[in-house]
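Below is one structure, written out as structure tokens, with a few remarks after it.
The values are calculated or read from the model by the stated rules, or taken from the named source; none is laboratory data. Predicted, not measured: the structure shown is a model, and the values here were computed from it. Please note: Cβ atoms are built from the backbone with ideal geometry, for glycine as well, and neighbour counts cover all protein chains shown. What goes into the accessible areas is simple: the full protein's heavy atoms, side chains included, and nothing from ligands, DNA or RNA. Shrake-Rupley method; radii C 1.70, N 1.55, O 1.52, S 1.80 Å.
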Amino acid sequence: MTALQLSARALDAMLGEWLTDGSAYRALADRIGLLIADGRIAGGSRLPAERELSERLKLSRSTIGAAYAELRASGYLHSVRGSGSIAKNPAVDQTEPREAPGVINFTQAALPAISGVDAAMQHAAQQIGPHLATLGYEPLGLPELRRAIADRYTERGLPTHPDEIMVTSGALQALTLVARTLLTRGIG
């Protein structure tokens, strides 16, 4: 996984109005900790170097160092000399995913594969050989796939010919094709 590198400028913009009447290092640590806790700074993101951030915020380097030390002590930052400081959320166990029955994990954008996917992938891997000699792109979709889809529609009572089928690479391509077909530029 590639970590996000936050520049001092980007962090400054995210901080907003953070300076309070209390100590600057604690206010800065509190604001950065809040940004990490609520996910605006993703776990694994590399924070700017102390020198770069002190120049951007016009604070002493010792103030930035104290803020980073506060974040390390509270579990929001992991630093390695010469490698920088990495944000981490202590409320999220990043080492082992927790699974509870009946609970959906919304931190991931995909569910585990349903049964049968493994066998289908192995079957597909065995069938791919002849397609490797081609460019790998069929504007209307693989003829075999179009034929299989047409046969499926025909079996279900809708007589369909493979020439009536277009297989897109995803929903966005399909929506783009529909929009280009139905919409006219400058109207609407």
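One decimal place: the segment residue 164-residue 17 gains 47.0 nm when fully extended, by the rule 0.36 nm per residue minus the C-alpha distance.
Per residue, the chain reaches -13000 deg cm²/dmol at 222 nm when only DSSP H runs of four or more residues are counted, each adding -39500 (n - 2.57).
Can you figure out the FRET efficiency of residue 138 with residue 81, using R₀ = 35 Å and their beta-carbon distance, to the nearest 0.05?
Numbers: r = 53 Å, r/R0 = 1.52.
The formula returns an efficiency of 0.05 here.
Across the chain, Cα pairs under 8 Å and at least six residues apart give a relative contact order of 14 percent. Where in the chain is the longest stretch that carries no trypsin sites (Lys or Arg not before Pro) classed as loop by DSSP and with at most 12 other Cβ atoms within 10 Å? After excluding every exposed loop site, the longest remaining stretch is 99-155.
With viscosity 1.567 mPa s and temperature 4 °C, the Kirkwood radius over alpha carbon pairs of region 30-91 converts through Stokes-Einstein to a diffusion coefficient of 112 µm²/s. A simple spin-label model places the labels of residue 73 and residue 121 4.7 nm from each other, with each point 7 Å out along Cα-to-Cβ. Overall, the chain carries a charge dipole of about 580 debye about its Cα centre when +1 sits on the Cβ of Lys and Arg and -1 on the Cβ of Asp and Glu, all other atoms neutral.
Size descriptors for the chain (Cα atoms only): Rg and Dmax, in that order, 26.5, 75 Å.
Kirkwood analysis of the Cα pair distances in region 147-188 returns a hydrodynamic radius of 12.1 Å.
Per residue, the accessible area of region 144-188 comes to 89 Å² when a 1.4 Å probe rolls over the protein heavy atoms.
The longest part of the chain holding none of the exposed loop GluC sites (Glu not before Pro), meaning those outside H, G, I, E and B in DSSP with at most 11 other Cβ atoms within 10 Å, is 100-188. Among 112, 48, 90, the largest mean-square fluctuation in a Gaussian network model of the chain, built with springs joining Cα atoms closer than 10 Å, belongs to 112. Average accessible surface for region 9-70: 54 Å² per residue, computed with a 1.4 Å probe over protein heavy atoms with every protein chain in place. If R0 is 41 Å, the Cβ-Cβ spacing of residue 148 and residue 42 corresponds to a FRET efficiency of close to 0.50. Positive-end ranking of 82, 23, 122 along the dipole of the chain, with charges on Cβ about the Cα centre, is headed by 23. Computed over protein heavy atoms with a 1.4 Å probe, the carbon and sulfur contribution to the accessible area of the chain reaches 57%. Kirkwood's formula applied to the C-alpha pairs of region 107-168 gives a hydrodynamic radius of 14.0 angstrom.
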